[in-house]
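Asks: This structure is in structure tokens; I'll ask about it shortly.
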Amino acid sequence: MLDVAARAGVSGQTVSRVVNGSPRVDPVTRARVEEAMAQLGYRPHRAARALRTGRTHTIGLVATTLATIGNSRMLQAVVDAATVRGYAVVVVTLDAASGIADAFARLRDQGVDGAIVLNEATAVVRDAVAPAGLALVVVDSPPDERFAVVQTDHAAGARAATEHLLGLGHAAVWHLAGPEGSFAAAERERGWRAALVEAGQQVPAPVRGDWTAASGHALAGALPSEATAVFAANDQMALGALRALADAGRRVPEDVSVVGFDDVTDAADYRPPLTTVRQDFDALGAAALAALVAAIEGDDQRPVLLPAPLVMRASTGPAPRA
């Protein structure tokens, strides 16, 4: 480390902070230290560092499932951000046989310094008692003094999607909602509802799916014939809706406009390319990891709210004339 410090022209403490993933290092200085480490072939010894610092530089990630696109993309984003900061990631999934207490116990057994809790699992952690000394960051949750919160502005994104459809002349916007118990689904429904109420338009009863394209297909197939605009709570349900509308002989966007949420990698290749709300999973992962490192170091953290911009493509158009 002294050789790295000399090569980079910094103190040994600065090198230590870079090695330990501290956010208290200027990006230019961090890059200079990392370049010196690469030139000298320096690699920290994880076990020795854990003995010296009392930290393993391993974090946990808790999720209900990794099968959904949102959760799998968040996992990738967290792993990428953790790798940059020199952290390893241990993943624990919840099922009917194991509760959040068991998940925390398993992470404790692996000696993690802290944990990130994803999406649907946040409803469980809010009702649980976190182990003392375990730093926690929760992705998608109301503010809570027990842990740091990082989230997408789901409500604002949903509002923008709904206002876009209303601005195209659609009298009502139908909502294919996400599952009950999901914070993200509830926030997206809230934004959709608020936009309709503010515009003085009718609020159709939302129909609830389970994030899958199959549920979007089933729900859209049951929409009334007068529905000309649909906001789906995620892109997968929007994909199912596109198929259902095609099956019924209804054209998108000439007869029905469709908007999704997430902007998954394939959204631009749907037929037609999907207008959707972008959720920046890379930024979410980086923000969650940064918040967790700060929590591990005992720093106070304010809630992080990331924007969710509307991405306009070809699946929306003016309301059809009567």
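The values are calculated or read from the model by the stated rules, or taken from the named source; none is laboratory data. Predicted, not measured: the structure shown is a model, and the values here were computed from it. For neighbour counting, all protein chains shown are included, and Cβ atoms are generated from backbone atoms with ideal geometry for every residue, glycine included.
Asks: Scan (1) part of a loop (DSSP other than H, G, I, E, B); (2) surrounded by fewer than 17 Cβ atoms within 10 Å (Cβ to Cβ); (3) not polar (S, T, N, Q) for the single condition A246 breaks and write down its number.
Replies: Just one mismatch for A246, condition (1).
Asks: Sort out which residues of the range 173-185 are surrounded by fewer than 20 Cβ atoms within 10 Å (Cβ to Cβ) and either farther than 21 Å from H217 by Cα or touching an Asp or Glu at 6+ places or on another chain (Cβ under 8 Å) (or both), and write them in order of number.
Replies: Once the filter is applied, which keeps residues that are surrounded by fewer than 20 Cβ atoms within 10 Å (Cβ to Cβ) and either farther than 21 Å from H217 by Cα or touching an Asp or Glu at 6+ places or on another chain (Cβ under 8 Å) (or both), the range 173-185 yields P179, G181.
Asks: Only one of (1) touching an Asp or Glu at 6+ places or on another chain (Cβ under 7 Å); (2) surrounded by 18 or more Cβ atoms within 10 Å (Cβ to Cβ); (3) outside any strand (DSSP E or B) is not met by A220, so which one is it?
Replies: So A220 meets the others, but not (1).
Asks: Further question on the same structure: So which helices (runs of 4 or more DSSP H) are wholly in the range 1-46 and hold at least 2 residues that are farther than 20 Å from Y87 by Cα?
Replies: Ranges flagged: 2-8, 27-40.
Asks: How many residues are modelled with pLDDT of 85 or more and surrounded by 15 or more Cβ atoms within 10 Å (Cβ to Cβ) when one looks only at the range 107-133?
Replies: 8
Asks: Scan the range 159-181 and give yes if some residue there is of a type in the set (S, T, N, Q), touching a Pro at 6+ places or on another chain (Cβ under 9 Å) and at pLDDT 95 or above, otherwise no.
Replies: No, that holds for no residue.
Asks: Would you pick out the residues in the range 296-322 that are under 17 Å from the mean Cα position of the chain (by Cα) and in a loop (DSSP other than H, G, I, E, B)?
Replies: P303, P307, A308, P309
Asks: A214 fails exactly one of the following numbered conditions: (1) at pLDDT 95 or above; (2) crowded, with 18+ Cβ neighbours inside 10 Å; (3) not acidic (D, E). What is the number of that condition?
Replies: (2)
Asks: Residues in the range 56-75: is at least one modelled with pLDDT of 85 or more, under 29 Å from A123 (Cβ atoms), in a helix (DSSP H, G or I) and in contact with an Asp or Glu (Cβ under 6 Å, 6 or more places away or on another chain)?
Replies: no
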